[in-house]
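As structure tokens, the structure follows; a few thoughts come after it.
Every read-out reported here was derived from the displayed coordinates using simple, explicitly stated rules and does not represent laboratory data. This one's a predicted model, so the numbers in the text were calculated from it and none came from an experiment. With ideal geometry, Cβ positions are generated from the backbone for all residues, glycine too; neighbour counts draw on all protein chains shown.
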Amino acid sequence: MVDLGGLGPELERARARTAALLERLSDAQLTRQVSPLLSPLVWDLAHIGHFEELWLLRRVAGHEPLRSEHDDVYDAFAHGRSERGALPILPPGAARAFVADVRRRVLAQLAELRPEPAEPLLEDGFVVGMVVQHELQHVETMTQALALGGLPGPAPGRPPPVTASGEVLVGGGPFTLGAGEGEPWAYDNERPAHEVEVDAFMIDRAPVTNAEYTRFIEHGGYEDRSLWSAAGWAWRQAEGVGAPRYWERGAEGWIRRRFDVVEPVPGTEPVQHVSFHEAQAYAGWAGRRLPTEAEWEKAARVAASELQHMQGAVWQWTSSAFYGYPGFRAFPYREYSEVFFGEEHRVLRGGSWVTDPLVARPSFRNWDYPQRRQIFAGIRCARDA
């Protein structure tokens, strides 16, 4: 049985990442909304504290709300991201004080809590793990906002270089997809684990690099209608997209803005900030396709030693739409996963250089709209064997 009081260091590790990410920013930068795609950074900060209070102080410990008005202001489903800058959000100093007060109360409370077999939230410390992961996921969302706003980013601020090439054969046959008993903090959309049949396929050893993606651009990939789905071509034309986000042509080749730095595009890094539409078009140009999420997870579990950067470099688009697994049960709230199920969202796998290893497990499922490019997403191709 997990000692809940012993999970305090995990909460503190997540908070250290949040603090390090935001420490160099002025109050004006924390308050500014850099894009309608993302919240003001100070909203995310106070929302992290509100979520922690909601689950660890109110839901588990039975405390009364510290600030009842926060239930509306910091409800992620009550107000879209584009609206949050106009809400009566806490200023930076007050937000920091609020999250610190919540954390002090939580650490004191955890020492008093005892897991109860009849309470699934407390089993294996799940509710604490959920709060930790929630903060770590917001660290990545806030890092996206720093990139969009041209603000100082975290160190090292980039994915590791690609050194591998070629393909790996993954044999066909049955495979267990989803989180098993050894992953007690997995989310509801990763469960239940279930057997699927996967045909043999080939998958690239490494993600597509900037140099490889540059060849796609130079060979007219953005102009070749045959490479694009109808939805992808309509998006490309409407947005005038001709390169990954933050890229532009310089006097001596491609350059990019990386947070608050402009630099030549490094050829050996995995390409990032590409949409599902771009990933799909690139794969077709390369004579490949995107893997399904079942293929991706099978490769990550059975061929991990032969593959480079399955986690820790870039999110990798799959061809799969985001649906619940057979037997899915929303837990502990349906708004985390269930409200996003459907063809509108595509699944990404793996985790980026920003994603914490606690989150970037083989079964973790990320999702977004196919046109989104603010995420640290790239491409790994596959093909039929």
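Quick notes on this one:
- Under the shape rule built on the C-alpha gyration tensor, where the axes satisfy a ≥ b ≥ c, the chain is oblate, since a/c reaches at least 1.5 while a/b does not exceed b/c.
- Mean residue ellipticity (222 nm) of the chain, computed from DSSP H runs ≥ 4 via -39,500 (n - 2.57), nearest 500: -9500 deg cm²/dmol
- Computed lengthening from A78 to A94, 0.36 nm per intervening residue step minus Cα-Cα distance: 3.6 nm
- As a length-normalised measure over Cα pairs under 8 Å and 6 or more apart, the relative contact order of the chain settles at 18 percent.
- Full extension of the chain segment joining Q237 with A164 gains 22.9 nm, where the gain is 0.36 nm per residue of separation less the Cα-Cα distance.
- Pairwise FRET efficiency - A330 versus R289, Cβ, R0 = 35 Å, nearest 0.05: 0.65
- Ranking of D204, D368 by count of other Cβ atoms within 10 Å, fewest first: D368, D204
- Cβ charges +1 (Lys, Arg) and -1 (Asp, Glu), total dipole of the chain, debye: 900
- Counting beta carbons within 10 Å around each of S320, S82, S352, S26 and listing the fewest first gives the order S26, S82, S320, S352.
- Rounded to the nearest 20 debye, dipole of region 1-154 from Cβ charges on Lys, Arg, Asp, Glu: 540
- At an R0 of 35 angstrom, the distance between the Cβ atoms of R361 and D3 translates into a FRET efficiency of 0.95.
- Think of region 167-384 as a dipole: +1 on every Lys or Arg Cβ, -1 on every Asp or Glu Cβ, centred on the Cα centre; then among A279, S320, A186, A279 lies furthest on the positive end.
- FRET efficiency for the V302 to L87 pair, using the beta carbon distance and R₀ = 30 Å, is estimated at 0.05.
- Order of W43, W185 under a 10 Å beta carbon neighbour criterion, fewest first: W185, W43
- Toward the positive end of the charge dipole of region 4-148, with +1 on the Cβ of Lys and Arg and -1 on the Cβ of Asp and Glu, the farthest Cα among H134, L66, P91 is that of P91.
- Computed over region 167-384: relative contact order in percent, which uses C-alpha pairs under 8 Å that are six or more apart: 29
- Computed over region 4-148, relative contact order equals 41 percent, with contacts defined as Cα pairs under 8 Å that lie 6+ residues apart.
- Among residues other than A179 with Cβ under 11 Å from its Cβ, the summed charge is -2 (Lys and Arg +1, Asp and Glu -1).
- Cα centre as origin, Lys/Arg/Asp/Glu Cβ charges: region 328-385 dipole, Debye: 200
- Near E135, once Lys and Arg are set to +1 and Asp and Glu to -1 for all other residues with Cβ below 12 Å from its Cβ, the sum equals -2.
- Which of W296, A330, G378, positive extreme of dipole for the chain (C-beta unit charges): G378
- Taking other residues whose beta carbon is less than 13 angstrom from the beta carbon of S337, and scoring Lys, Arg as +1 and Asp, Glu as -1, yields 0.
- For the pair R249 and E343, label points projected 7 Å from Cα toward Cβ lie 3.7 nm apart.
- DSSP assigns beta bridges within the chain; of those with both partners inside it, close to 90 percent run antiparallel.
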